[in-house]
Amino acid sequence: MLEIAALGKSLIIDPGRYTYSEHPPNLRHWFKGTAAHNTVCVDRLDQVAYRRGKPKKAVAAGAFD
């Protein structure tokens, strides 16, 4: 977990993964999502699609133009 605060008020909170359990309710899905990490969501979509288990290859790549 990461928390940034100023003047006694939380500004940014990143809860980390919280849980690795995928049993109902699948909170891992939410905690792995974009919104849980104070990053940009477009049309309420995650930046990387949720998949169960560990990825077998890279799931995203970034580039500067």
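The values are calculated or read from the model by the stated rules, or taken from the named source; none is laboratory data. Given the structure is predicted, the values throughout are model-derived calculations rather than measurements. In this analysis, Cβ positions are derived from the backbone assuming ideal geometry, glycine residues included, and neighbour counts consider all displayed protein chains. Quick note on the areas: whole protein, heavy atoms, side chains included, nothing else; ligands and nucleic acids left out. Shrake-Rupley method; radii C 1.70, N 1.55, O 1.52, S 1.80 Å.
Which of the three applies to the chain, rounded, prolate or oblate, going by the alpha-carbon gyration tensor with a ≥ b ≥ c and a/c under 1.5 meaning rounded? Oblate.
Cross-link partners for residue 32 among the aspartates and glutamates, with Cα-Cα distance under 16 Å and sequence neighbours closer than 8 places in the same chain left out: 14, 22, 46.
Quick one: compute the contact order of the chain, relative version, from alpha carbon pairs under 8 angstrom and 6+ residues apart, as a percent.
Details: 65 pairs, mean separation 12.7, N = 65.
The value is 19 percent.
On average, how much accessible surface per residue is there in the chain, in Å², for a 1.4 Å probe, leaving out ligands, DNA and RNA? Could you put the intermediate results ahead of the total?
Values: 5990 Å² over 65 residues.
With the other protein chains kept in place, the chain gives 92 Å² per residue.
Accessible area of the chain with a 1.4 Å probe: how many percent of it is carbon plus sulfur? Whole-percent figure for carbon plus sulfur exposure: 59.
Peptides 40-49, 22-31 ranked from most to least packed, by the mean per-residue count of other Cβ atoms within 10 Å: 22-31, 40-49.
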